[in-house]
Amino acid sequence: MPNILSLTFLSAALTTLSLLSPSQATAYISAAQIPVAQIPATQIPAVPARTLALPGQVQPVAPGTRRAAAIPELTLSPPMPQVQRVRYLSNGHIEVASAVLLLRGDEVAQARTLAATAAARALAARPGLSEVDVSVYNKVGYGGFGGPLPILTLSVPRSRLADVARWAAGGAYERAWEAALSPPPGNLMPGNPTPSSLQSETIADKVREKTTNFFGNVTQKVQDAGNRNASRARGGIHNGLLYGGDPGKPVAALTFDDAPHPMYEPLLLDLLRRGQVKATFFVIGRNARAYPYFVRDMVQQGHEVGNHTYHHVRLPPLPISSAETELRLTSATLQGITGQPVRYFRPPGGDYTPATLNAARSQDLSTVFWTDDPADFQNPGDEVLETRFERRLRPGGIILLHDNAQETINVFGDFLDFARRRGVTLGTVSDLLAGKRAAAPSALGDHRPRR
Ligand SMILES: [Zn+2]
């Protein structure tokens, strides 16, 4: 039996490797400790060599991914030369805007005033907006959301405009973050300064979780399959891994990866609040650092916060010390914001090895996978996404979503209604493990976004 299993797992590993470029395959083989001689040359396609993505590098977009629908933009009056753009989105109940400002070096001293002005003008430009999120970057080196961190971020619910004006004049405001006033993440861990390789604060944000990929030798693959099958069959954590809850209890976990994002976070939290549903957010450490108030909102509203690495990087190719630092920095950042210990970890890309599992275990983190991935990051279209949601929903399941997927925002309310009709209670990973049945959520009515 072990021989048959071994062949099956080696075949699965080779299929994964065949999707990689030669340089990627070499790195993964090395991480997996599979002798190179065992890999038939014909399994590795002759595609242009790419270097394996490391922290700070943008990783390839998953195959099959379609472009997201265009998001409408606001025009401010009078216009501000520092505003790159203001986009806005609805979740069918509220509208939230996200403004991006790019500042020259001589404008940085005015960052507060410029951010507050942009927020006020955006709220004036569209009276239906509930909130404006502002992200202010240095113009030099700006690389989008996944590039260098902003120098200032701000969340402005319409009712808080006066508070923001006082903050711009030098006061305090708890929904603002400024890099200059925020300790670097290494300082969160006394005696553990941030390694230079992790100081860039840039991110590999394009990798999305699609399949779980275990990299290990044949014996380790057999062990991993045993843990996976036990977790799937009986539910619960086995040897530090969670693949599912008790299939006999009518509870499924709702998990959102890659949080937090400006604009999407308030829209999603609003939908969860209306549906009276709690979820587990797997949070990217650097994004939590720049938008701490969204992480606070999650916990204050009863949601759970998990670790998704600091830079959202695939761990198997990294030296294990860097992988450990990715986990430690993220847990320290989250605990610094919420005051609560972090219990769960989800590996970016679903990639893991015995060493990364050990690293997580040694930091009291259980590694959490999923049973249901409707691939919302591929933008398959609202109807396709909804069909995928409904087809896979099951007691004991773990649903994988992403918190910045527009189509998930579009169909989420209908999905909550469907789960309720099916008698499946959605909750956090902890709820799943406890088999806890929450109070039935209320109906949401018509959730389709209106623009
Ligand atoms: Zn992710």
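The values are calculated or read from the model by the stated rules, or taken from the named source; none is laboratory data. Please read these numbers as outputs of a predicted model, since none were measured by experiment. Here the Cβ positions follow ideal geometry from the backbone for every residue, glycine too, while neighbour counts run over all protein chains shown.
Looking at L365 and the list (1) within 16 Å of the ligand (Cβ to nearest atom); (2) within 15 Å of the chain's Cα centre (by Cα), which single condition is not satisfied?
That leaves (2) as the condition not met.
With within 16 Å of the ligand (Cβ to nearest atom) and buried (at least 18 other Cβ atoms within 10 Å of the Cβ) as the only criterion, which of T330, T353, T325 stands out?
T330
Which ones in region 269-289 are within 15 Å of the ligand (Cβ to nearest atom) and part of a helix (DSSP H, G or I)?
G285, R286, N287, A288
Give the residues of region 311-322 that are within 16 Å of the ligand (Cβ to nearest atom) and aliphatic (A, V, I, L, M), sorted by residue number.
V313, L315, L318
Tell me, yes or no, whether region 368-390 has at least one residue that is within 16 Å of the ligand (Cβ to nearest atom), crowded, with 24+ Cβ neighbours inside 10 Å and within 24 Å of V222 (Cβ to Cβ).
Checking region 368-390: at least one residue is within 16 Å of the ligand (Cβ to nearest atom), crowded, with 24+ Cβ neighbours inside 10 Å and within 24 Å of V222 (Cβ to Cβ).
For T255, indicate whether it is assigned to a loop (DSSP other than H, G, I, E, B), within 16 Å of the ligand (Cβ to nearest atom) and polar (S, T, N, Q).
Considered against the rule, which asks whether it is assigned to a loop (DSSP other than H, G, I, E, B), within 16 Å of the ligand (Cβ to nearest atom) and polar (S, T, N, Q), T255 comes out as no.
Restricting attention to helices (runs of 4 or more DSSP H) lying wholly within region 314-405, give those where 1 or more residues are in contact with a strand residue (DSSP E or B) (Cβ under 6 Å, 6 or more places away or on another chain), over 22 Å from F145 (Cβ atoms) and of a type in the set (K, R).
It comes to 382-392.
Return only the number of the condition from (1) among the charged types (D, E, K, R); (2) over 20 Å from the mean Cα position of the chain (by Cα); (3) at pLDDT 90 or above that D446 does not satisfy.
All conditions pass for D446, except number (3).
Within region 134-154, can you find the residues that are closer than 11 Å to W177 by Cβ and of a type outside the set (A, V, I, L, M)?
If the condition is that a residue be closer than 11 Å to W177 by Cβ and of a type outside the set (A, V, I, L, M), then S135, P150, T153 are the ones that fit.
Would you check which residues across region 279-317 are among the hydrophobic types (A, V, I, L, M, F, W, C) and buried (at least 24 other Cβ atoms within 10 Å of the Cβ) and list them?
Scanning region 279-317 gives A279, F281, F282, V283, I284, A288, F294, V295, M298, V305, V313, L315.
Of the conditions (1) surrounded by 24 or more Cβ atoms within 10 Å (Cβ to Cβ); (2) under 30 Å from V156 (Cβ atoms), A252 clears all except one; give me its number.
A252 satisfies every listed condition except (2).
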